[in-house]
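A quick write-up on the structure given underneath.
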């Protein structure tokens with residue numbers, strides 16, 4: 001995190017925060033994403049700034065019946081946590097999604 005705050009969340013709290021990135025709107029991203037984030041999806045991995053990342057979530061509730069499993073965490077420093085997770089959910093149009 002850019003302001004060097006120590007991360008004080010447990011695994012359950014981190015997973016709930018992660019779920020919000022799947023189900024939340026652009027305001028959720030703006031409030032909860034760091035100034036710059038490394039995002040990784042099956043077909044895209046890159047660094048994005050907060051505003052650009054928030055723009056990707058313009059349609060709230062685009063995922064239904066979300067099931068997210070935390071696969072691992074890594075805390076390489078006191079101010080950064082990396083999560084790996086796997087999500088399964090039907091899209092808004094009911095098409096299934098799984099990596």
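Before moving on, here are some points about what is shown:
- With contacts taken as Cα pairs under 8 Å at a separation of at least 6 residues, the range 11-97 carries a relative contact order of 23 percent.
- Net lengthening on full extension, residue 83/residue 55 (0.36 nm per residue, minus Cα-Cα): 7.9 nm
No value in this document is a laboratory result; all are computed from the given coordinates. Values in this document were obtained by computation on a predicted structure and should not be read as measured data.
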